[in-house]
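A short write-up of the structure that comes next.
The values are calculated or read from the model by the stated rules, or taken from the named source; none is laboratory data. No experiment lies behind these values; they were computed from the predicted model shown. A quick note on method: Cβ atoms are made from the backbone with ideal geometry, for glycine too, and the neighbour counts reach across all protein chains shown.
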Amino acid sequence: MRILMHACCAPCSVYCIDELRKENIEPTIYWYNPNIHPYKEYEARRECLKEYTKKIGLECIIEDEYGLDEFCKNVSNNLNSRCVDYCYPIRMRKTFEYAKEHGYDAVTTTLLYSIYQKHEFIKKLCEDLSKEFGIEFLYRDFRYGFWEGHEKAKEEGLYMQKYCGCIFSEESRYLSPNPPKPVLPDDLEYSSRRVICVKKIENKDDYIELLLDADPSKASINKYLGDSDVYGLQVEENIVSLAVILHIDKNTLELKNLVTKKEYRGKGYAKKLLKSLCGNYKQKYNKMLVGTSENNIPFYVKQGFDKYEKTIKNYFIDNYDEEIWDGDLQCIDMYYYSKKLKEKK
Ligand code: SF4
C-alpha cells in the first residue's frame, strides 16, 4: 500500500512516522506549506524536514511554493476563519491531487498530530476529499503521541518552530490575548508540556529492578520483556511509572507489568500511563488483556478491564520459586480480565 503523508514540519512528523512504521507502513512524505512566514522560517522548516527524512531513509517530495501573496489575498476578508477556509483545504486538496496523479493508495497528514489544530475539521475535510478523489484517507489520531513526539524531536535536535506558521500566527505569538487552547481526545488529560509525558523506553534492561516490584522474578520478566514494548510516564526528568505491553496477535495486547516507583505511588501515575496507552492503541487493537492476582482485580476493573476471561489455577505457586504475598493475601491463582479497545477500522 503506497501512502502519501502530508507533512507540515519535521517535529510534527516524528511521531506520525514512528507510528506508521510500527504498522510496517513506509509513507512518502509530502511537503506543501506555502504560507509559512517569513521566507527564512519557511526555508528552515523545509530544510529540517528534508534532512530528517534523509536521515531516517524516507522519500520526501517537496512542493516548493512560497505563497504569501496568494495566502493574504485569500484570507484577508475573514482572518478568523483562515485555517478552515483556506489553509487546511489548500494543503489537503493539493496532497490528494498529487496522490491521485502519482498512483498512491491513501493519504494522511501530520496536521492530525498537533493538539493546537482543528482536529475534527481536518478529519472531516480529508474524509470528504477521500470521497471526491476516490483515494483512502488513512486516519490516525496522532495526538496521543504529542508529548512523546515533541521530546523525541528535541532529542533529534530538530528545528522547533515557535508558532503555527502564517504571518498572522506569528503576530499572535506576541500580541494575542487569547493563545490557542489545546484540544485533546476525550480520554486524554492535558498535562502541561514536558512536565508529564509518555515515552517509549528502549533501554529496557535498565528498568529490571523497578519491574521486579510488580513481578518478583527475573526469569518471569525475561520471558516477556524482549518481545514487549515498554512505556514510561516521565514526570519532569524522572520515569515514575512503567507499563510493559506484549503484542499477542493483530487484535490483542497483554499488559504484562505495570509499576510505579515507591516514592511516586498514590498519585494516579500508573492509571494515567495506562489510560494514555489504551487511548493510543485503540486505533489498532481490539482488546488488552491483563493477568493479575486476586488483590488487584478491583484496580483493573476500575480501569476498564471488566470482562472476565479465565483463571489459571496455582499460577503463582507453579511459576515462582518463592511464595508471593500481596499484603495479607498469598497470590495463588492468576485471573485474566480484558478491556475492550476501539474496533480496528
Ligand atoms: S494559524 Fe496555522 S493553520 Fe491557521 S492559517 Fe495560520 S498557518 Fe494555517
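Looking at Gly268, is it within 30 Å of Trp147 (Cβ to Cβ) and either loosely packed, with under 14 Cβ neighbours inside 10 Å or modelled with pLDDT under 95 (or both)? First the steps, then the outcome.
Details: within 30 Å of Trp147 (Cβ to Cβ): yes; either loosely packed, with under 14 Cβ neighbours inside 10 Å or modelled with pLDDT under 95 (or both): yes.
Considered against the rule, which asks whether it is within 30 Å of Trp147 (Cβ to Cβ) and either loosely packed, with under 14 Cβ neighbours inside 10 Å or modelled with pLDDT under 95 (or both), Gly268 comes out as yes.
Here is a yes/no grid of residues against (1) of a type in the set (Ser, Thr, Tyr); (2) over 22 Å from the mean Cα position of the chain (by Cα); (3) surrounded by fewer than 14 Cβ atoms within 10 Å (Cβ to Cβ):
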position: Leu68; (1), (2), (3): no, yes, no
position: Ser76; (1), (2), (3): yes, yes, yes
position: Leu79; (1), (2), (3): no, yes, yes
position: Tyr86; (1), (2), (3): yes, yes, no
position: Lys94; (1), (2), (3): no, yes, no
position: Ala99; (1), (2), (3): no, yes, no
position: Val107; (1), (2), (3): no, no, no
position: Leu111; (1), (2), (3): no, no, no
position: Ile122; (1), (2), (3): no, no, no
Practice task
Out of the residues in region 118-144 that are touching a residue at least 60 places away in the same chain (Cβ under 8 Å) and part of a loop (DSSP other than H, G, I, E, B), state the one that is nearest to the ligand (Cβ to nearest atom).
Solution key: Lys118
Practice task
Find all pairs meeting these conditions: Cβ atoms under 8 angstrom apart; at least six residues apart or on different chains; first residue within region 77-94 and touching a residue at least 60 places away in the same chain (Cβ under 8 Å); second residue more than 10 Å from the ligand (Cβ to nearest atom) and not in a helix (DSSP H, G or I).
Solution key: Arg91/His6; Arg91/Tyr32; Arg91/Thr109; Met92/His6; Met92/Val107; Met92/Thr109; Lys94/Tyr32; Lys94/Glu63
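When you look at Lys54, is it more than 16 Å from the ligand (Cβ to nearest atom) and under 16 Å from Leu138 (Cβ atoms), yes or no? Give the derivation first.
Numbers: more than 16 Å from the ligand (Cβ to nearest atom): yes; under 16 Å from Leu138 (Cβ atoms): no.
No, not satisfied.
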Exercise for the section: Looking only at region 190-210, decide whether some residue is modelled with pLDDT of 95 or more, of a type outside the set (Phe, Trp, Tyr) and under 16 Å from Val290 (Cβ atoms). Expected result: no
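So which residues in region 213-228 are of a type in the set (Asp, Glu) and surrounded by 15 or more Cβ atoms within 10 Å (Cβ to Cβ), if there are any at all? If you could, list the steps in order and put the result at the bottom.
Quick first cut of region 213-228, residues of a type in the set (Asp, Glu) only: 213, 215, 227.
Hit for region 213-228 is Asp215, nothing else.
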Completion exercise
Taking region 1-26 and keeping only residues that are under 20 Å from Gln283 (Cβ atoms) and assigned to a loop (DSSP other than H, G, I, E, B), one is left with Met1, Glu23, Asn24, Ile25, Glu26
Exercise for the section: Output yes when any residue across region 5-28 is buried (at least 17 other Cβ atoms within 10 Å of the Cβ), more than 28 Å from Ser228 (Cα to Cα), within 13 Å of the ligand (Cβ to nearest atom) and more than 22 Å from the chain's Cα centre (by Cα), and no when none is. Expected result: no
Fill in the blank from the handout: Taking region 308-322 and keeping only residues that are surrounded by 13 or more Cβ atoms within 10 Å (Cβ to Cβ) and of a type outside the set (Ser, Thr, Tyr), one is left with Glu309, Ile312, Phe316, Ile317, Asn319
Practice task
Only residues that are charged (D, E, K, R) and in contact with a Lys or Arg (Cβ under 7 Å, 6 or more places away or on another chain): list them for region 88-117, please.
Solution key: Asp105
